[in-house]
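The values are calculated or read from the model by the stated rules, or taken from the named source; none is laboratory data. Nothing here was measured: the structure is a model prediction, and the numbers come from that model. Positions of Cβ are generated from backbone atoms using ideal geometry, with glycine treated the same way; all protein chains shown enter the neighbour counts. Quick note on the areas: whole protein, heavy atoms, side chains included, nothing else; ligands and nucleic acids left out. Shrake-Rupley method; radii C 1.70, N 1.55, O 1.52, S 1.80 Å.
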Amino acid sequence: MRWLDYIRTSDFWKQLAYMIVIGIFLIVIILFSLQFCTRHGQEVKVPDLKGYTLDQLKELEKDYKFKFVVRDSVFEAKAVPGTIISQTPTPGSIVKTKRTFYVVLAAMNASSIRMPNLIDLSYRQAVSLLETYGLKAGAVNYVSSMAKNAVIRQLYQQKEISPGSSIKKGSVIDLEIGSGEAAPAIDSSFGESVGEDVLQEME
């Protein structure tokens, strides 16, 4: 009965009201704290940075507090040297301000590699190996050889290039491929008969 009597008193209702107000106040503080910590409302759609230079990124650094880190530098023949060719996060992603971006730049010059040995490989194998080394397959010329569809010679700028030679990535390699037919043999007896006829006429 004492508990029921206390509930009927004004002091109980005052205490209950205080608890409700304090609870609401705590909930409001928590919600505002979460909003501040997660920077709610400060989300940005990532633009496509391909073709940008590092100097052109300064405006994004200023407006959105983005940070840009160069991850690598790769030669790409069609790209302007010093411009961005890939990025992380990718274009169209939704990120918050102060996000760190990792970019890959187009290198000023192609790096040098060692020319692989394509001799005796099939055309398909040769093309695959060239791509692995960052080279490109160029013109194909079929020549007389019993090694059908096999690489007979590898050429760079119309000159034969030996395996192990230094060459720039992205270079074009032309190939001479065996036709599967042997070169026509020269009939030596025909030459001899012609020579004898000429001697007889001279006599």
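Summed over segment 158-185, residues that are farther than 20 Å from Thr132 by Cα and assigned to a loop (DSSP other than H, G, I, E, B) total 8.
Consider segment 72-84 and keep the residues that are open to solvent by less than 50 Å² (accessible area, probe 1.4 Å) and small (Gly, Ala, Ser). The one that is nearest to the chain's Cα centre (by Cα) is Ala79.
Taking segment 46-65 as the range and being within 14 Å of Gln87 (Cβ to Cβ) and not in a helix (DSSP H, G or I) as the test, the residues that pass are Val46, Pro47, Asp48, Leu49, Lys50, Gly51, Tyr52, Thr53, Leu54.
Mind telling me which of the residues Lys136, Lys159, Lys169 ends up being under 29 Å from Lys78 (Cβ atoms), touching a residue at least 60 places away in the same chain (Cβ under 8 Å), open to solvent by 20 Å² or more (accessible area, probe 1.4 Å) and not aliphatic (A, V, I, L, M)?
None of the others qualify; the one that does is Lys169.
No other residue among Ser144, Ser112 is touching a residue at least 12 places away in the same chain (Cβ under 8 Å), out of contact with any strand residue (DSSP E or B) (no Cβ under 7 Å at 6 or more places or on another chain) and closer than 21 Å to Ile173 by Cα apart from Ser144.
Just to be sure I understand, how many residues within segment 146-161 are farther than 19 Å from Gly178 by Cβ and not charged (D, E, K, R)? Please lay out each step first, then the result.
So the first thing to find is which residues in segment 146-161 are farther than 19 Å from Gly178 by Cβ, and the list is 156-159.
Next cut, not charged (D, E, K, R) only: 156-158.
Number satisfying all stated conditions: 3.
Scanning segment 115-138 for residues that are among the hydrophobic types (A, V, I, L, M, F, W, C) and over 14 Å from Gly170 (Cα atoms) returns Leu118, Ile119, Leu121, Ala126.
Taken over segment 85-133, the criterion of being open to solvent by 80 Å² or more (accessible area, probe 1.4 Å), part of a strand (DSSP E or B) and not β-branched (Val, Ile, Thr) is satisfied by Tyr102, Arg114. Do we find that Val69 is at pLDDT 90 or above, exposed (fewer than 11 other Cβ atoms within 10 Å of the Cβ) and on the phi < 0 side of the Ramachandran plot in this structure? It is true that Val69 is at pLDDT 90 or above, exposed (fewer than 11 other Cβ atoms within 10 Å of the Cβ) and on the phi < 0 side of the Ramachandran plot. Evaluated against (1) hydrophobic (A, V, I, L, M, F, W, C); (2) under 30 Å from Val172 (Cβ atoms); (3) without any contact (Cβ under 8 Å) to a residue 24 or more places away in the chain, Leu60 falls short on exactly one condition, (2).
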